Amino acid sequence: MFTDLRLSLRALWKSPGFTAISVLTLALGIGAGTAMFSIVNHVLLRPLALPEPERLVFLQESVPAFSANPLAVNAAHYQTWRERAHSFTELGIASPAVAALHDAGAPVPVALTHATASFLPALGLAPALGRAFTVEDEHGVHGDVVLLSDRLWRTRYLADPAVVGRTVLVDRKVHSVIGVLPPLPAFASLGLVPAGYSEPDLLKPMTLTPGELADKWGRHNYAVFARLRPGVSTDDARRELDFLAAEIAREAGQKAGLRSVVTPLHERVVGHSRRSLLLLTGSVTAVLLIGCVNLAGLLLARAEQRHTEMSLRQALGATGARIFRLALLEPLLVALLGGLAGLFLADTTVRLLPHLAA
C-alpha cells in the first residue's frame, strides 16, 4: 500500500501541469463554495445574536394613498401603541444622527443614536459595563449621558473599563459615560444609524417633545422595535395595530387609510441581502459543478494517458486489484490536496471579508 502511495505521489510530481491544474480547479471550486455557504449560514440561517430573537419585530407604518413603501413611525402613534397595545412586552424607539466627538484631539464624526430607555430592554440587551438609560435620563435628571458602543470603546478607548464615569464632549457638550454596550448585530438597514455607518457609536437618551406627541399625522421619523408577548404571532400584532391605526386616523380626522407593518426582525435585517446572497450561492454552485466536470475530464485524459503504463504493469504480473488501487490513489490524492487547499482558501476568505467590508 505504501509503495503504491509513493508511486502515485511520484507520478503526480512528474506531471506538474496536470497536478497544478487539477488541485487549483478543485481548490477554487471548494473554496468559493464553502466560503459562500458559510456566509449564507451566518447571514440568512443563523438567528440574531439577541435573546429570544424569534419574538423581536420591527414596526413601520403605511399610508397606501400617499406612498407604496413602508414609512418610519410617527411619535404620537408610537405612544399610542405603548399605551393601548397588548401584543408586546416592550417597545423601543430610536432615531439616528451624526455627531462630533471632541474627547481627544480633532473632532471625529460618529454615529449617534437617540433612543428611549425602553430601547435596550425591547431588544433584550443590557450594557456590558455600567448601567442602561432610565426614564430619568430621558428628562435630563442626571445631566447629559451616553453609552459607548463596544467598537468605539475598544478602538478609541482601548477597552479601558475606567472610561465609565468619565466625561466626553459630544457636539461640544459635556456628557457622562454611564456604560458600554455589548457587540450589536448589523442594524444599518433598520434606520438606526446614518448612511455610511454600520452600527451606532454612541447611544443617547431621547425625549419625545410635546409637539411630536401632539402631531398625530405625518412626521414619520422613528425606527421602532418591539418584543412580542409569548404566544402572540406577527399576524396577531398586525391586526391589533391596524385596529389602533383606524382609531388614530379617526381621532386625527383623516380619511386616508393608515396601516401597520410588522416584520420579524431577522427577516428585516437579512431582507436586503437575501436575494443577492441566493444569486451568488447559485453562481458559486454552478462554478463548483463546472470545476467538477473539468476535473473529471482531466482525470479521464490522465487515465487514457496512463493506459499503456497500466497494460505494461499487468503484463509484468501486477494483479487487477493492484492496478485498480494505483488508478484510484492518484485521483484520491488530487482530491485530498484540492480539498485541503480549498478549505484553507475558504477559511482565509471568511476571515478577510469583515476587514474588506469595513
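Every read-out reported here was derived from the displayed coordinates using simple, explicitly stated rules and does not represent laboratory data. Remember, it's a predicted structure, so these values are computed and weren't measured experimentally. With ideal geometry, Cβ positions are generated from the backbone for all residues, glycine too; neighbour counts draw on all protein chains shown.
Remarks
- Note that segment 83-97 has calculated 3J(HN,Hα) couplings of 7, 10, 7, 10, 7, 10, 8, 7, 10, x, 10, 8, 8, x, 7 Hz, one per residue in order, obtained from phi through the Karplus relation 6.51 cos²θ - 1.76 cosθ + 1.60 (θ = phi - 60°); glycine and proline are x.
- HN-Hα J in Hz across segment 13-28 - Karplus 6.51, -1.76, 1.60, θ = phi - 60°, x for Gly and Pro: 5, 7, 10, x, x, 4, 4, 5, 5, 5, 5, 5, 4, 5, 5, 5
- Remark: segment 230-247, residue by residue, has Karplus-estimated 3J(HN,Hα) of x, x, 8, 8, 5, 5, 4, 5, 5, 5, 5, 5, 5, 5, 5, 4, 5, 5 Hz, where x stands for each Gly or Pro and the curve is 6.51 cos²θ - 1.76 cosθ + 1.60 at θ = phi - 60°.
- Spin-label zone in segment 332-349 - amide nitrogen under 11 Å from a point set 7 Å from the Cα of residue 301 along the C-beta vector: none
- Aspartates and glutamates with Cα under 18 Å of residue 14, excluding same-chain neighbours fewer than 8 positions away: 4, 304, 309, 330
- Which of 86, 175 has the fewest Cβ neighbours within 10 Å, and the rest in rising order: 86, 175
- Net length gained if the chain between residue 155 and residue 348 were fully extended (0.36 nm per residue, minus Cα distance): 67.1 nm
- Fewest neighbouring Cβ atoms within 10 Å first, the residues 337, 332 line up as 332, 337.
- The calculated FRET efficiency for residue 89 paired with residue 328, based on their beta-carbon distance and R0 = 45 Å, is about 0.15.
- Distance between modelled label sites at residue 233 and residue 207, nm, 7 Å Cα→Cβ extension: 4.3
- Estimated distance in nm for a label pair at residue 131 and residue 292, the labels positioned 7 Å out from Cα along Cα-to-Cβ: 6.0
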